[in-house]
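*Asks:* Please see the structure below; I have some questions.
The values are calculated or read from the model by the stated rules, or taken from the named source; none is laboratory data. These numbers were taken from a predicted model, which means no experiment stands behind them. In this analysis, Cβ positions are derived from the backbone assuming ideal geometry, glycine residues included, and neighbour counts consider all displayed protein chains.
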Amino acid sequence: MVLMDRGVRAGGLWCFPVTTDSTQYVYLPAGARLAQDAQGLPQLSFVRYVVNAPGDSASAATITEAKGGGILHFLVILETPDAMVKDAEKSLQTTLKNDKIAVRGPIVFQDGRYTLISSILRAGNKAPDREVIASGRAPVLEGNRLALSFDLDPEHASLLQQSFQMNTPDISLVFDMTFHGLSEAYDADITIDWSEVKKSKGYSAGGTVYWISADVELAFDEMFKNHAIKMRSSGSDAVMEALMNTVYNKLLDLMFRPVEPERVPPDQRGGLTDALSKMMDPKGPMGARKTTGFGASVGFQLKEMKSEGTSHLTFNHRSNVERHSFVVFNIGDLYKRYGKDPRFFRAVNLGDPTFQQREVHVGVDAALIPDFDQYVNTVTVTLRKDHQGGEQTLQEVVLDRAAVKGGVDNLRMVYGWNGDQDRLAWLDYAYRTRWSFKGGGSYETDWVKSNAPMIDLFAPYEHRMVQLVGDAKALKAKGVRAVIVQLDYPFFGERRRPQMVVRPEDSIEEKQVQITLPLGQPDYDYMVTWQMEGNKRLTDRRHDASGLIFVDELP
């Protein structure tokens, strides 16, 4: 854990002290590059392929255009040069006048996403506008590789071949990396008037609209302007930016839930990806460095708020806060060095498919790996290939703790040629996953059609933090001796019921519990029991999805 508000820009790197030793710093990785193999060669391949097929029988032409296209595959790695790390360490020692200061390594990101921007890697004959082509999970550790693969039609394959010969090809990635740390304690509090919040223009959009971070920031600004949210603070101007980041992130957790673009229904995805494209444009918020800290590669949806009256939140204690770091990658002038090397750039004729086989890899999101210790027993991935000759191939791999800890490079399934005359249709297959959870419960997905060279495993659940909020003095004044909060929520065929207990002398905001809910089902039940003086009890049962439980509102 790092001290978030004490970050220092040193030697071109953002460095943060760790909480346990103020002389030890970690840094945010500064860049990304094309990954290399053990021989130092780039891990990239661009194959333009030709599939021979008869031309139109009604045409008298003797030279016709063959079918085909291109496949681009490359690996990207987050990396910071050692020289930059050493320069940052020297700069910190000089600035802070302490030779014992050391930069011990990169920060461990809590989460990571990538967004690919291009006007070439797109389907169909569209206008050459830059847009979001792909997005998904990125590695959370510096040095891990991200694999990307794209299938192009002949026109775009030729266009990409020309773009590769430019100094800056039209293939750019933006990494949106999330990291956590402890904020400072502030002499500040906010009051939320829920009736005014629901009257605001931002809230009136409803929960069916997808937002981007810039929209969220404008909505919060409007709520402050209209006094739906009021803030009281004291302190120097130097801490105001950090305080506002903390306040806005708390409001974000309270009112919005993140939405990953690849999980949005296809008929609703267009508006969100268009907005994210404008975020990434050099003339947009990313180019102006005006992002609010909410992230630039996900959307947001309003939660269904059931709170009434007013809520009071204080910031007079250190809390775990979230920030975002952005790293931009371009594939660069690789063609100048390796354009004539067939190991990287090649044109082939798929003339004899009999001896070809298809390997489909299974990729595990780095954020999912720790869950094999706490939540997941096994994940079984089954691949089904229906061949054009009428035969069927079934392949299966099982992921458990040992397989994941040992690395997932060899998790692959293979099918070959079996009467598949249509080579593009040969790439198509279907797969499903079966999840077995610790403590009981299981989940099986439907068959999903795909033609990608990798099956990326996404957890069918999401972790959420439920936190108690309240005024300890108010509880004591009302004669409350203890508050017991018991949660009750579904988890794939079973019920889970964690419990929290808080007393008036405790720090209420530190009482929180992580729950694991099925994806897309954020609701949970909870029961609050107030143990009063005189051995009396008050009980209240509620249904919510906000992640905050106000324990000072007695029935």
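*Asks:* Take residue 342 and decide whether it is on the phi < 0 side of the Ramachandran plot and modelled with pLDDT under 80. Spell out how you get there, then give the answer.
*Replies:* Values: on the phi < 0 side of the Ramachandran plot: yes; modelled with pLDDT under 80: no.
No: the conditions fail for residue 342.
*Asks:* Moving on to the next point. Kindly list the number of the only condition in (1) touching a His at 6+ places or on another chain (Cβ under 7 Å); (2) farther than 18 Å from residue 458 by Cα that fails for residue 415.
*Replies:* Among (1) touching a His at 6+ places or on another chain (Cβ under 7 Å); (2) farther than 18 Å from residue 458 by Cα, residue 415 violates only (1).
*Asks:* Determine whether region 340-350 contains at least one residue that is among the small types (Gly, Ala, Ser) and out of contact with any strand residue (DSSP E or B) (no Cβ under 9 Å at 6 or more places or on another chain).
*Replies:* no
*Asks:* Can you confirm whether residue 154 is at pLDDT below 80 and either of a type in the set (A, V, I, L, M) or in contact with a strand residue (DSSP E or B) (Cβ under 6 Å, 6 or more places away or on another chain) (or both)? First the steps, then the outcome.
*Replies:* On the way: at pLDDT below 80: no; either of a type in the set (A, V, I, L, M) or in contact with a strand residue (DSSP E or B) (Cβ under 6 Å, 6 or more places away or on another chain) (or both): yes.
No; evaluated as a whole, the condition is false for this residue.
*Asks:* Could you list, in sequence order, the residues of region 531-555 that are over 17 Å from residue 509 (Cα atoms) and part of a strand (DSSP E or B)? I'd like the intermediate steps shown before the answer.
*Replies:* Looking only at region 531-555, we keep the residues that are over 17 Å from residue 509 (Cα atoms), and these are 531-545, 554-555.
Residues satisfying the conditions are 531, 532, 536, 537, 538, 539, 540, 541, 542, 543, 544.
*Asks:* Also: Among residues belonging to region 477-517 that are of a type in the set (Asp, Glu) and under 19 Å from residue 548 (Cβ atoms), point out the one that is surrounded by the fewest Cβ atoms within 10 Å (Cβ to Cβ).
*Replies:* That would be 510.
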